[in-house]
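What follows is one structure encoded as C-alpha cells, with my remarks underneath.
Every number here is computed from the coordinates shown, using simple stated rules; none is lab data. Keep in mind it's a predicted model, so treat the numbers as computed, not measured. Positions of Cβ are backbone-derived with ideal geometry, glycine not excepted, and every protein chain shown enters the neighbour counts.
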Amino acid sequence: MSSEVAFQKCLSASCGSTYSLTETLTGCPKCGELLDIAYEWDKIPVPASLKEFEQRWSSRQNPLDFSGVWRFRELIAFAPEDQIATIGEGQTILQNSPSVAKYVGVDDGNLFLQYEGLNPSGSFKDNGMTAAFTHAGMVGAKSAACASTGNTSASLAVYASTTGKMKVLVFVGSGKIAYGKLSQALDYGALTVQIQGDFDDALLRVREVCQEMGIYLCNSVNPFRLEGQKSIMYRVLEAMQWEVPDWIVVPGGNLGNSSAFGKAFMELKELGLIPHIPRLAVINAQGANTLYDIYESEGQRWNDGQTENDHIEGYFDEMTRENRRASTVATAIEINRPVNLKKCLRALEVCDGVVREVPDQDILDAKAQVGAGGFGCEPASGASVAGAKLLRSQGIIAPSDRVVCILTGHQLKDPTATVAYHSNDQELFEKTLAVRGVHNTPFGNRPVQAENDLQAIMDVIKARG
Ligand SMILES: *Cc1c(COP(=O)(O)O)cnc(C)c1O
Ligand SMILES: [Zn+2]
C-alpha cells in the first residue's frame, strides 16, 4: 500500500482541510481541530468479504499476517508494508463468560469479554502504538514522546526497546500511576519524567515539549493510533464469526478507543462489509465523567460535524475555574479533558450510542467478577462490565442482547488495587480504596493465615469448604 491512497483530514465539517501523510501534525494547522485518517477506498484492494482475512492465519510466519492489527492492513492502509513496525500485537481473545453473564443479567452465552491484556505490553494500547510508531518511522522521527496514565507509556517504551528504532520520553503525573505500568516504562529504558500534576497537566506539557523540541507525539491526538485500534473491532467480529453483536461496551478515558471503534464500524458499513452497526456504550468513572456530563446531561451531539464548540469550550473553562480534577481508582480513565471528545461524539452517533458513569465501588466489584470468571483485568476495564450491568438494570440492554465488554488492560497492571480489595490489610484498604468511596468488598477473596503445622493448615482448608 502506498501513501497516495490515504491522507489526513480535518474533522471539522466547516474546515475539512486535507494534508499529506508525510506531515507530522497533532491537529489541523488551519483551525486546530482533530485530524482523521481518510482513505480512497476505490484504490485499495479491500477483500469482498471479511472472511477472507481469516486466510492469513495460514501464513503466520509473515509478521504482518501474525499481527492482529496488520492482518487487516487493507482497512488500515496508510503504511508501505516494508515500513510497518510490528511486535506481534493483537493476539487477543474473545472469551464467553457464563458467570459474568449472570452478574450482568444477560442470558447465558451472551456475555463476551475481549481481553486486550494479552498484548505485548499488557493493554489495548499496542494496537494503536504499532500504527503511530510506524508513522513515526515513515516521517523519519528519531524520538517519540507521550503523556500517560501508564499504559500508553508502557506501550511506547516497549516498541522503542524491541525495535531499537527510537528514543522515548514519557511524562507521567507524579503518584498517579500504577506500579505495574511505571515498572514497564523504567524497565524498557524510557526517559521517564514525573510531572507534579495529573494526566491532564502532563498532556499539556508533553504537547509543548514535542512542539519545541521536534519530538514525535504518540498520544491519541495522533490520528494514526486510532487507525490501529480499529482492529480490536475486526478481531471481535472475527471471533463471532463475522456476526455483529448487539453491544460493544468500553471504558472511556481519552476516548481514543471508542472513537476508533465508531470509525471502524462506519467504514465497514460504508464498504458493505457488515450489514448493520452494533450499539456502543462508553463508560466513565463517576470521578472522571466529562463525556457523561456533556453527552447525557447537556445533550451535546456530533450533529454531522456541526458541534457546539462554544458550549464545549465553556464546559472546560468552568472546569479550569473550579479547578475540578479527575479522581478514580481506575487510573487509566482518570482523565477530565478527553482529547478525542468530538470523535467520540461522532462514534456515538454512528453507533446509536449511550454513555454511563459508574462509581469506583461498582468498578471494583465488576473487576472481581471478571477475575473470578475469566482472565481478570485492571480496574479501568472493570468499568465496562459495571456499565453493562447498569444498562441491563435500566432495561437498555435486553437479556437476549449479545454484549461484548472490552477488557482494556491486563490483570497484573495494578496489583495494589487488587490486593487492597481482596486482602485483610486495613491500612492498604483505607489509603487505596476507602479514600475513593469504596467501602465494601462483597467479592473479596481473603487470604487465610495458618500456623506452620500440618494439622492447622488442613483445618484452615476444611473451614473454608
Ligand atoms: C488507555 C486506557 C483506557 C482508556 O482508553 P481511551 O482510549 O483513552 O478512552 C482504558 N483502560 C485502559 C486499561 C487503558 O490503558
Ligand atoms: Zn481544520
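Label sites at ASN424 and GLU23, each approximated as a point 7 angstrom past Cα along Cα to Cβ, lie 6.4 nm apart.
Charge dipole (Cα centre; +1 on Lys/Arg Cβ, -1 on Asp/Glu Cβ; no other charges) of segment 19-115 amounts to roughly 220 debye. Its alpha carbons give segment 111-217 an Rg and a Dmax of 13.4, 47 Å. Karplus-based coupling profile of segment 73-82, in residue order and whole Hz: 5, 5, 9, 9, 8, 10, 10, x, 4, 6, with θ = phi - 60° in 6.51 cos²θ - 1.76 cosθ + 1.60 and x standing for Gly or Pro. Only Lys, Arg, Asp and Glu carry charge here, each on its Cβ (+1 for the first two, -1 for the last two); on that basis segment 229-365 has a dipole of about 440 debye about its Cα centre.
Axis of helix 309-321 versus longest Cα principal axis of the chain: the two differ by about 40°, to the nearest ten degrees. With R₀ set to 56 Å, the beta-carbon distance separating SER14 from ASN445 gives a calculated FRET efficiency near 0.55.
Under a Cβ-Cβ cut-off of 14 Å, what is the net charge of the residues other than GLN8 that fall near it, where Lys and Arg count +1 and Asp and Glu count -1? Walk me through the intermediate numbers first.
Values: positive: LYS9, LYS30, ARG225, LYS263, LYS343; negative: GLU4, GLU23, GLU33, ASP36, GLU40, GLU227.
Spelling it out: positives minus negatives among the neighbours equals -1.
In plain terms, the chain from ASP65 to LYS165 could stretch by 33.8 nm, reckoned as 0.36 nm per residue minus the Cα-Cα distance. Projecting the Cα atoms of TYR115, LEU391, ILE277 onto the charge dipole of the chain (Cβ charges, centred on the Cα centre) puts TYR115 farthest toward the positive pole.
Couplings 3J(HN,Hα) of segment 337-343, computed from phi: 10, x, 5, 9, 3, 6, 5 Hz, in residue order, whole Hz [Karplus 6.51 cos²θ - 1.76 cosθ + 1.60, θ = phi - 60°; x for Gly and Pro].
In degrees, nearest 10, range 0 to 90: what is the angle between the Cα axis of helix 199-213 and the longest Cα principal axis of the chain? Here the helix axis deviates by roughly 30 degrees.
Rounded to whole numbers, the Karplus 3J(HN,Hα) couplings from phi for segment 352-369 are 6, x, 10, 10, 9, 10, 10, x, 4, 4, 5, 4, 6, 5, 5, 4, 5, 5 Hz, using 6.51 cos²θ - 1.76 cosθ + 1.60 with θ = phi - 60°, and x at Gly and Pro. Isolated cysteines of the chain, defined as having no other cysteine beta carbon under 4.7 Å away, are CYS210, CYS344, CYS351, CYS377, CYS405. Size descriptors for segment 265-351, from the alpha-carbon set: Rg then Dmax equal 14.8, 47 Å.
Computed over the Cα atoms of segment 387-465, the ratio of the radius of gyration to the Kirkwood radius (Rg/Rh) comes to 1.13. Near ALA326, the amide H atoms lying under 5 Å from its own belong to ASN336; only residues 5 or more places off or on other chains count, and H is placed 1.01 Å from N.
This ranking places GLU451, GLU89 by how few other beta-carbon atoms lie within 10 Å of each, fewest first, which gives GLU451, GLU89.
Computed from Cα atoms, the angle from the helix 125-138 axis to the main principal axis of the chain rounds to 30 degrees. Treating each Cα of the chain as an identical point scatterer and summing with the Debye formula, the log10 of I(q)/I(0) at q = 0.08, 0.13 Å⁻¹ comes to -0.44, -1.20. Each of MET233, MET319 was scored by other Cβ atoms within 10 Å of its Cβ. Listed from fewest to most, they are MET319, MET233.
Using the Cβ of VAL106 as centre and a radius below 11 Å, the other residues enclosed give a net charge of 0, where K and R count +1 and D and E count -1. Among all the lysines, which ones have a C-alpha under 26 Å from LYS367's C-alpha, if same-chain residues fewer than 8 places away are not counted? Leaving aside lysines fewer than 8 places away in the same chain, those within reach of LYS367 are LYS102, LYS125, LYS176, LYS181, LYS230, LYS389, LYS413, LYS431. Put in line by how crowded their Cβ is, counting other Cβ atoms within 10 Å and starting with the fewest, TRP41, TRP247 read TRP41, TRP247.
Local charge for PRO251 was computed over the other residues whose Cβ lies under 14 Å away, with Lys and Arg +1 and Asp and Glu -1, and equals -2.
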